[in-house]
Amino acid sequence: MKLARRQIERLIYPVGFYRTKARVILGICRDLLARFDGRVPDTIDELLTLNGVGRKTANLVVTMGYGKPGICVDTHVHRISNRLGYVKTRNPEETEMALRGKLPRRYWIGYNDLLVSFGQNICAPISPRCSLCPVATLCPQIGVKTTR
């Protein structure tokens with residue numbers, strides 16, 4: 001079944017930048033058909049050759065799609081890992097590499113899910129809810145200026 005860009009836009013409308021993302025999705029689909037016989041690659045290196053696929057998405061595909069170890073680092077994982085003092089990095093890619101060297105492999109896949117929910121509900125970017133945090137007594141609160 002072929003979908004037009006407009007159909008994809010309607011399907012992903014609630015997502016930010018839906019027009020751009022629809023165009024990227026179509027490009028990735030064409031690339032998958034042309035270069036990978038329609039198969040989604042199962043390695044981070046191959047996935048990164050697809051225009052519009054970054055490290056977070058590549059890690060998500062190999063972990064969720066193939067059950068292979070990977071660490072999806074988004075803004076929450078980056079911020080909280082640094083706030084806790086577990087890593088000291090400047091960007092998500094550095095955080096991923098630092099976590100690969102430090103975090104036991106058995107925790108790689110679940111780490112993102114754990115910290116995303118925690119980052120959305122407790123450890124917010126500005127004025128985190130430290131009064132509700134179950135690990136507040138262990139947290140050095142690196143970079144935190146105000147709390148609730």
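Values as computed for the structure displayed
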quantity	calculated
Filter result (without any contact (Cβ under 8 Å) to a residue 12 or more places away in the chain, under 25 Å from the mean Cα position of the chain (by Cα) and in a helix (DSSP H, G or I)) within region 1-18	Arg10, Leu11, Tyr18
From Ile122, Ile126, Ile109, residue being modelled with pLDDT of 95 or more, aliphatic (A, V, I, L, M) and out of contact with any His (no Cβ under 6 Å at 6 or more places or on another chain)	Ile122
Only one of Asp42, Asp37, Asp113, Asp74 that is among the charged types (D, E, K, R) and at positive phi	Asp37
Residues satisfying the stated conditions in region 84-105, i.e. in contact (Cβ under 8 Å) with a residue 24 or more places away in the chain, part of a helix (DSSP H, G or I) and farther than 21 Å from Ile126 by Cβ	Glu93, Glu96, Leu99, Arg100, Arg105
Selection from region 129-148 of residues that are of a type outside the set (A, V, I, L, M) and within 14 Å of Ser81 (Cβ to Cβ)	Cys139, Pro140, Gln141, Gly143
Qualifying positions in region 65-91 - of a type outside the set (Val, Ile, Thr) and touching a Gly at 6+ places or on another chain (Cβ under 9 Å)	Asp74, His76, Arg79, Asn82, Arg83
Filter result (within 20 Å of the chain's Cα centre (by Cα), touching a residue at least 24 places away in the same chain (Cβ under 8 Å) and assigned to a loop (DSSP other than H, G, I, E, B)) within region 106-147	Cys123, Pro125
Residue within region 60-75 that is assigned to a helix (DSSP H, G or I) and closer than 20 Å to Cys133 by Cβ present	yes
Number of the condition not met by Ser81 [criteria: (1) assigned to a helix (DSSP H, G or I); (2) under 30 Å from Ile25 (Cα atoms); (3) not assigned by TED's automatic domain parsing to the domain that holds Leu32]	(2)
Single residue of Arg90, Arg39, Arg35, Arg79 found to be at pLDDT 95 or above, surrounded by 14 or more Cβ atoms within 10 Å (Cβ to Cβ) and of a type outside the set (Val, Ile, Thr)	Arg79
Conditions (1) surrounded by 15 or more Cβ atoms within 10 Å (Cβ to Cβ); (2) within 30 Å of Met97 (Cβ to Cβ); (3) not aliphatic (A, V, I, L, M): number failed by Glu9	(2)
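The values are calculated or read from the model by the stated rules, or taken from the named source; none is laboratory data. Just so it is clear, the model here is predicted, and its values are computed rather than measured. Note that we place each Cβ from the backbone using ideal geometry, even for glycine, and neighbour counts take in every protein chain shown.
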